[in-house]
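What follows is a short report on a single structure.
Nothing in this text is a laboratory measurement; each read-out follows from the coordinates by a stated rule. The shown structure was predicted, so the numbers you read here are calculated from the model rather than taken from an experiment. FYI the Cβ positions are ideal-geometry reconstructions off the backbone, even for glycines, and counts take in every protein chain you see.
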Amino acid sequence: MLSQFTREGEHTTLADLEFDFPKDVYPVGRLDADSEGLLLLTNDNFLKTKLLEPRNKHKRTYYVQVEGMATQEACRELSAGVTISINSKSYRTLPAEVSLIEEPALPDRSPPIRFRKNIPTSWMSVILHEGKNRQVRKMTAAVNFPTLRLSRWAIGSLSIADYPGNIAPGSVWEIKGSEIKRLLQ
C-alpha cells in the first residue's frame, strides 16, 4: 500500500482503507510500497512538524529481515553509521541502535518475500533517529545483508505492540491524549 491518499496506477493507497479520515489528514513520514508497519496519520501541524523536523531526531524502530545470517560485526558497523548513497551523493548515516533479534510476530506478508531454500535469513532491530529515502535497505546492503522484509515497529514510544486488538494489515487505530503526549516526549 502506498502511504498517500491519491491513487497511482494499480497500487492500493490509504484511500482504500475502510476508515472515514478527515479531509485534512496526511501521513507523517512514508513507507515505500515494499515496506510495512506503523504509519502515523494526523491533521495536527504541531505534531507533524515535531516528528518530521530532522533536528528533532525522533526515533523510529524497524524490524528487518535480511538475507543471510547477520553478524554482531554487521550490527556494530550499522550502529556506528555507514556510508550510503542519497540522491547520487555519499551520505554517512547517524549512529543507530542495531541488534540481532528473534523473528518477530508479524502478520503474513502479501506478497510473501522471496524464499531461497539454501540461503538462511535473520532479523535485526534497527532504531534510527533520521529518515532518508530507503535508508534501512541501503544500510543493510552496505554491510552485505540485503533487506528482504522491512516493518516499522515503532515511532518514538508508540509501537504496534500498543495496538488494542489483533493487528492486521490495514488496521486503523485512533490515538488521543496520553498516547499523543508520549509521541511528543
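The mean sequence distance of close C-alpha pairs (under 8 Å, at least 6 residues apart), as a share of the length of the chain, puts its relative contact order at 26 percent. Extending 7 Å from the Cα toward the beta-carbon at both residue 26 and residue 7 defines two label points whose distance is 2.2 nm. Backbone amide hydrogens, once placed in the peptide plane, bring residue 42 within less than 5 Å of 26, 28, excluding anything fewer than 5 places away on its chain.
Here the spin labels are modelled as points 7 Å beyond Cα on the Cα-Cβ line, and at residue 144 and residue 127 they lie 2.9 nm apart.
Which of 121, 93 comes first, and how do the rest follow, when ranked by fewest Cβ neighbours within 10 Å? If you can, show how the numbers build up before the last one.
Working: 121 18, 93 21.
With the sparsest Cβ surroundings first, the list reads 121, 93.
Note on region 109-177 and region 27-90: Cα centroid distance 9 Å, given to the nearest whole angstrom.
Residues in region 133-146 carry Karplus couplings, in order, of 4, 6, 4, 4, 4, 5, 5, 5, 5, 5, 10, 6, 10, x Hz; the curve used is 6.51 cos²θ - 1.76 cosθ + 1.60 with θ = phi - 60°, and Gly or Pro positions show x. By the count of other C-beta atoms within 10 Å, a proxy for reagent exposure, 124, 69, 1, 139 are ordered fewest to most as 69, 1, 124, 139. Across region 1-60, the fraction of Cα-Cα pairs farther apart than 13 Å, rounded to a whole number, is 65%.
Backbone geometry of region 158-171 corresponds, through the Karplus equation with coefficients 6.51, -1.76 and 1.60 at θ = phi - 60°, to 3J(HN,Hα) couplings of 9, 10, 4, 4, 7, 4, x, x, 7, 6, 9, x, x, 5 Hz, x marking Gly and Pro. Taking a ≥ b ≥ c as the square roots of the eigenvalues of the Cα gyration tensor, the chain is classed as prolate, since a/c reaches at least 1.5 and a/b is larger than b/c. A prolate overall shape is assigned to region 94-135, the ratio a/c of its alpha-carbon gyration tensor axes (a ≥ b ≥ c) being 1.5 or greater and a/b exceeding b/c.
For the chain, a simple Cβ point-charge model (Lys and Arg +1, Asp and Glu -1, everything else neutral) yields a dipole of about 720 debye relative to the Cα centre. Under a 5 Å amide H cut-off, with hydrogens placed 1.01 Å from N, residue 13 pairs with 2 among residues at least 5 apart or on other chains. Backbone N atoms of region 110-136 closer than 14 Å to the 7 Å Cα→Cβ label point of residue 33 belong to residues 111.
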